[in-house]
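Single-structure report; data block below.
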Amino acid sequence: MQKIIANNKRVEIVEDDSPAVKPSHLLIKTMYSIISPGTELTIIENSTDKKITLGYSAMGVVEECGSDITNVKPGDLVAVYGAPYVQHSEYLLVPKTLSAKVPSNVEPKEAALAGIGAIAIHALRVANLQFGETVSVVGLGLLGQMIAKIADAAAYNVIAYDFHEERASMLQEETNIKSFSTINAMEHEIQNGTSGNGADAVLLCAGGKKSPLTAQSLEWIRNKGKVVIVGDIEPDFPRNLMFSKEAQILISRAGGPGRYDKNYEAQANDYPYGFVRWTEGRNIEEYIRLVSEKRINVSSFIKEEINFSDVSAAFDELVDKKSTTLTKVINFSK
């Protein structure tokens, strides 16, 4: 089989052995996978003198089920998430805890976004918002846009910002989301929309390591408000503002409880439902539910589809952060 890797800052297609099914795992023939520019472009840049497999969000058709798999059967469509099990690869061997069955009314390309959806949902769970509270989403790449849409579906008051006007304007079609391309306009909306109290939470979805946004975010939250670090940004918060507001600084790690736990992932041992309500696997299922019930519209994310063989040029095009093309869908059937 073939898969996509980063090697010496270049994207390559290489041959690899096809996986064999094992207990508690699904063998999947990939239909679509999603490029995650924020993560994968960073991996490519850091791939000097080493080969790194790319990809973590995909969907496909079940070829074979390992023992104790009861909720899906061969021929079913499933959404899957989580490297190294999920890759830009023709075949995937995925633990049952990192998959969700795709109903017939969900487009396969929409289902391939399940990894992005799970990460977005977990970020909002970390913020621990209550019904009707105000959240500011800063940085409107693929993940920031997904978070804003899901936050709107949850009936939070959503105020979004990206300094690229093209990205900010993408959310203006969502009538409940107020989206801006200048900080002054966003600050004005936060002041007006909260009677001067400030946002209940700011989710920092921007990248770029060192950024003035970390310090500025403390100015936008209310007393005892929260800042959640979602993107690849360095936590650099001035103590005086943190102290005066007794601010909570939180970080969101991937798709939820279970991530990086070999017992949950590699061994496919789920956490007890009553003790860990929202695992990364259950967050995948929740994303699929939101799409199935038309609570969120992700069609703007999946407009550009590419052949597996054309993937190298596709990564080059995604370097343009002003573009309204947030990702590209890799089609494995062409």
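The values are calculated or read from the model by the stated rules, or taken from the named source; none is laboratory data. Bear in mind that the values here come from a model prediction, so they are computed numbers and not experimental data. Here the Cβ positions follow ideal geometry from the backbone for every residue, glycine too, while neighbour counts run over all protein chains shown. Note: accessible area is taken over every heavy atom of the protein model, side chains too, but ligands, DNA and RNA are not part of it. Shrake-Rupley method; radii C 1.70, N 1.55, O 1.52, S 1.80 Å.
Things worth noting here:
- Within the option set Arg289, Arg239, Arg253, Arg277, being more than 23 Å from the chain's Cα centre (by Cα) and open to solvent by 60 Å² or more (accessible area, probe 1.4 Å) holds for one residue only, Arg239.
- Restricting attention to the range 310-328, the residues being touching a residue at least 12 places away in the same chain (Cβ under 8 Å), more than 30 Å from Asp261 (Cα to Cα) and assigned to a loop (DSSP other than H, G, I, E, B) number 7.
- Condition check for Asn307: buried (at least 16 other Cβ atoms within 10 Å of the Cβ), within 28 Å of Val11 (Cβ to Cβ), more than 16 Å from the chain's Cα centre (by Cα) and touching a residue at least 24 places away in the same chain (Cβ under 8 Å): no
- Number of the exception - Thr324 against (1) hydroxyl-bearing (Ser, Thr, Tyr); (2) surrounded by fewer than 20 Cβ atoms within 10 Å (Cβ to Cβ); (3) under 20 Å from the mean Cα position of the chain (by Cα); (4) at pLDDT 95 or above: (4)
- Odd one out for Asp152, checked against (1) closer than 30 Å to Asn197 by Cβ; (2) acidic (Asp, Glu); (3) in a loop (DSSP other than H, G, I, E, B): (3)
- Screening the range 118-145 for residues that are out of contact with any strand residue (DSSP E or B) (no Cβ under 9 Å at 6 or more places or on another chain) and either farther than 22 Å from Ile35 by Cα or not in a helix (DSSP H, G or I) (or both) and picking the one that is most open to solvent (accessible area, probe 1.4 Å) gives Phe131.
- Residues being without any contact (Cβ under 8 Å) to a residue 40 or more places away in the chain and within 14 Å of Lys96 (Cβ to Cβ) - total across the range 52-73: 4
- Residues that are free of Cβ contacts under 8 Å to residues at least 60 places away in the same chain, surrounded by fewer than 19 Cβ atoms within 10 Å (Cβ to Cβ) and in a loop (DSSP other than H, G, I, E, B), drawn from the range 161-172: Phe163, Gln172
- Residue check, Ala148 under 25 Å from Glu110 (Cα atoms), at pLDDT 95 or above, open to solvent by less than 10 Å² (accessible area, probe 1.4 Å) and out of contact with any helix residue (DSSP H, G or I) (no Cβ under 6 Å at 6 or more places or on another chain): yes
- Residue satisfying condition, being charged (D, E, K, R) and modelled with pLDDT under 95, within set Asp76, Asp49: Asp49
- In the range 255-274, the residues that are touching a residue at least 12 places away in the same chain (Cβ under 8 Å) and of a type in the set (Phe, Trp, Tyr) form Cβ pairs under 6 Å with partners that are open to solvent by less than 80 Å² (accessible area, probe 1.4 Å) and not in a loop (DSSP other than H, G, I, E, B), at six or more places apart or across chains, as follows: Tyr264/Thr97.
- If the condition is being assigned to a loop (DSSP other than H, G, I, E, B) and either touching a Gly at 6+ places or on another chain (Cβ under 9 Å) or modelled with pLDDT under 95 (or both), then the range 247-259 contributes Ala247, Arg253, Ala254, Gly255, Gly256, Gly258, Arg259.
- Comparison of Asn197, Asn223 shows that the only residue that is open to solvent by 10 Å² or more (accessible area, probe 1.4 Å) and not in a strand (DSSP E or B) is Asn197.
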